[in-house]
Amino acid sequence: MKTPDAIVVGAGIVGAACARALARDDRRVLVLDAAPGTAGGATAAGMGHIIITDDSEAQFELCHRSQQLWDELAPEFPVGVQRDECGCVWVAVDDEDLEAAQQKRDYYAARGIRAEVLDQRQLREAEPALAHELVGGLRVPGDTVVYPPAAAEWLLAETERRDGQIRRNAEVVAVASGAVTLADGSALSAPIIVNAAGDRALHLLPDPRLHDLVRPRKGHLAITERGRPLIRHQVAELGYFRSAHGANQSSVAFNVQPRTTGQTLIGSSRQFGATHRAVDHGILARMLERAMELLPGLADLRVIRTWTGFRAATADKLPYIGPVPGHEGLFVATGHEGLGITTSLGTGGIIAAQVRGETPFIDAAPYRLDRPVAEWSVA
Amino acid sequence: MLELRTDVTVVGAGPAGVAAAVEASESGARVVLVDDNPKSGGQIWRQGTGQPPAGAQPWLRRLASSTVEHLSGTAVVDVEGARSLFLRRPDGLARVHTGATVLATGSRERFLPFPGWTLPGVMGAGGAQALAKSGWPVRGTRIVVAGSGPLLLAVAHYLKGAGAQVTALVEQAPLGSLIGMAPRLMRHPRKLKQAMSLAAGIRGVRRLYSSWVEAAQGEDAVSSVTVRTPGGRHQIECELVACGFGLVPETRLARLCNAALAEENVQVDSLQRTDVEGLFAAGEITGVGGVDVALAEGRIAGLAAAGDVDAARALSRVRDREQRFAAALEAAFELSPELGALATDATVVCRCEDVTLGELRAYEDARDAKLKTRCGMGACQARMCGPAMRFIGGWKQDSIRPPLFPIETAALAEISAAQTSEAMQ
């Protein structure tokens, strides 16, 4: 291809969303990925939920706007994207959870999102297979699920259709204003560079003080064989928020999805400090035990596969999206942790607006790379 | 969970595994033999309704009179290093702590897809033989046996003996390569006798060389195949196609143990040791070679695993001789690259997930294709499409993670939890 207008580093869901957004602005985009395939990192390992969360107003805004973008695209997806409008049920194990559910319902209602609190009986009607001790829950009907690798592939195909190009086996070792350096020592240039290399992204920047702003946070998943699903909604425990946003070195939380294939996807776990890809048996055991506790019927379903992945986590649970100060035309999009699939489309929209020199559709200040550095709650 | 302790654990009760277990046991080791079939013998000595073959009987007798604890109907689900194996038995889970492990997991048939291969009536050659052995009626059935390798002879012979009408034996290797084996065969009188007996048994069967089934046709089931020969294409009517393109080592467990592979084979030294401490490998997983190599390797692995290194070394000459023959045989039956071009874009490659070759052409990497198309994600876990795509597309093996086969969530949790508590002790 002729000199591209923009280079996107990383063909995961965030890179793919940025690439598509730039291509829609008639930019010729070159996407580079280190692997022999695309979307093979955190994107391939994730659950694919398109959900609303509200750890902060900024997180909520990005989820909310992104979910709208996913809904708008839905009619265009091929079957392989496995979009499922199953909604989400957050289950409460105790009255404290139930109180949290009510607060969430009010918070969402005030911002135009449908959600309903379920009492114990209503929860049992909605999801009869759940443990009967659960005291209730919160149903968010607008939450959806996709199969992330296929969604990323579709975004990349859209990029290619608009004159873009994807290069595999192209590992980027450094990014700078106007150019990237590949592992073989060669350089590629473009006026716009978007660094979406996941948990490695900030290590590609020259300033070592930035490197520790994003850390890999390991997760485990297991999936069953095809069969009749036990549940209709994606179901997670309200305590998931404590796990997702808590300070523990390692934690597990109930988070289970029915897939359109008839399989059941079982999550979730979070670990800091683990760098090896292998399954950590202790974590897997705890994760499965928690899942069986809240969804007893899982015990007899057969698990066909387990795997691990690494989320790009930040200390303040917000991604880094926007220009790299002092480097003309260099942008970063990383640190999406467990919400990368949900917030990818919003991220692409923000980056594209910033590249155009326009103000994005939501206030992007909370995602700036030069925001005050938060303290990591774990070592 | 049932806890077992032993000196040597052998996985797989085919010729290599039985020989390893018998030798290890006879040299004084406590031995556990794990196999997922109800009876020992593996595919090649499969004990169906009839008697096991003559060559198997002394080994099965020695096994029966040994102190080997034979766990049949048992499969390895996961490992924690090479000296701790998690088993699923008909009556629950078990863990075996072992001083050494001998892997003798054998091989499975390679199938290369061609248009029409998913029609009912088209099946693996070994699969067809196994079905017939288990009593499935083939009398009067017109069968085309096709593909490559010495196994085809044995399959054709067996099916014919069971009353089937073997209408053609279609071998992709050139007749010249096979004739080139003759001088070598002369130096192995027993094999020569066996080959001649097989050949005599299928006298009258039409034999085609440098030929292969290009497509199968039929409405609800296969009714004919198109065979490509050097002299042109033939249409052959049949009700069954027994097709196999040689064997692929079954290395999933070896890879889970982190043993190093060379190409598709587990790498071993002269004592059948892998690069993993305490882990041995014997038989087809170290390189497909047939029953005689398997027996020789199994004996050495069993003795070495039991610590009888001198006795193991004494057998190396026999093994090396068998290995040379096996290598020559493999070269003679080398697959023609043209076989990788039989499937068209519309041909299904992954039957579990219904993925066609056309959908796979965009990918150069097995994992990438799996993620995007679900090829290899299904019930068979890429056992069929994996080797096929390695041949057709030059793909590499994907990584392996527990469980080795689908298992109940509760059992997987129990196995995983056991590994934690052990690690914390």
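Bear in mind these aren't lab numbers, they're just calculated from the coordinates by the rules spelled out. Just so you know, these numbers come straight off a predicted model, no measurement behind them. Here the Cβ positions follow ideal geometry from the backbone for every residue, glycine too, while neighbour counts run over all protein chains shown.
A few notes on this one:
- Sites B:ARG184 and B:LEU271, calculated FRET efficiency, Cβ-Cβ separation with R0 45 Å, nearest 0.05: 0.95
- Helical contribution to [θ] at 222 nm, DSSP H n ≥ 4, -39,500 (n - 2.57), averaged over chain B, rounded to 500: -10000 deg cm²/dmol
- Formal net charge of residues neighbouring B:ASP345 (Cβ-Cβ distance under 10 Å; K, R +1; D, E -1): 0
- Built amide H within the under 5 Å cut-off of B:ASN37, gap 5+: B:GLY73, B:THR74
- Principal-axis analysis of the Cα atoms of chain A puts helix A:281-294 at an angle of about 50° to the longest axis.
- If R0 is 45 Å, the Cβ-Cβ spacing of B:PHE405 and A:ALA179 corresponds to a FRET efficiency of close to 0.35.
- Computed label-point distance, nm, for sites A:GLU85 and B:ASN258 using a 7 Å Cα→Cβ extension: 4.9 nm
- Gain on full stretching of the segment that runs from B:ASP354 to B:SER316 - 0.36 nm per residue minus C-alpha separation: 9.1 nm
- Couplings 3J(HN,Hα) for the stretch B:15-20, derived from phi with the Karplus relation 6.51 cos²θ - 1.76 cosθ + 1.60 (θ = phi - 60°), are x, 5, x, 5, 4, 5 Hz, where x marks Gly and Pro.
- What the Cβ-Cβ distance of A:GLU293 and A:GLU171 gives, at R0 = 35 Å and to the nearest 0.05, is a FRET efficiency of 0.25.
- Counting all C-alpha pairs of the stretch A:80-178, share separated by more than 18 Å (%): 64 percent
- Rounded to the nearest 5, the antiparallel percentage of DSSP beta bridges internal to the protein assembly as shown is 60%.
- Exposure proxy order (Cβ contacts within 10 Å, fewest to most) of B:PHE405, B:PHE86, B:PHE114: B:PHE405, B:PHE114, B:PHE86
- Partner chain coverage, peptide A:260-268 - average Cβ within 10 angstrom: 1
- Each other residue within a Cβ distance under 10 Å of B:GLN381 adds +1 if Lys or Arg and -1 if Asp or Glu, for a net charge of +2.
- Paramagnetic label zone (point 7 Å from Cα along Cα-to-C-beta, A:ASP207; backbone N under 17 Å) in the stretch A:321-362: A:321-335
- Note that the stretch B:331-347 has calculated 3J(HN,Hα) couplings of 5, 5, 9, 3, 6, 5, x, 4, 5, x, 10, 6, 5, 9, 4, 8, 6 Hz, one per residue in order, obtained from phi through the Karplus relation 6.51 cos²θ - 1.76 cosθ + 1.60 (θ = phi - 60°); glycine and proline are x.
- Largest mean-square fluctuation among A:VAL172, A:VAL79, A:VAL117, in a Gaussian network model of chain A whose springs join Cα atoms under 10 Å apart, belongs to A:VAL79.
- Using just its DSSP H runs of length 4 or more, each adding -39500 (n - 2.57), chain A gives a mean residue ellipticity at 222 nm of -8500 deg cm²/dmol after division by all residues.
- Free-standing Cys, chain B [no other Cys Cβ under 4.7 Å]: B:CYS238, B:CYS243, B:CYS257, B:CYS352, B:CYS380
- Estimated distance in nm for a label pair at A:GLU225 and A:ARG305, the labels positioned 7 Å out from Cα along Cα-to-Cβ: 1.6 nm
- Highest-MSF residue in chain A out of A:ASP94, A:ASP184, A:ASP119 [GNM, Cα springs under 10 Å]: A:ASP184
- Distance between the modelled labels on B:ASP398 and B:ARG206, one decimal in nanometres: 4.0 nm (7 Å Cα→Cβ projection).
- Label zone at B:SER177, where the point sits 7 Å out along the Cα-to-Cβ direction: the stretch B:302-333 residues whose backbone N lies under 15 Å: B:326-333
- When each of B:MET1, A:MET287 is scored by the number of other beta-carbon atoms lying within 10 Å, the sequence from fewest to most is B:MET1, A:MET287.
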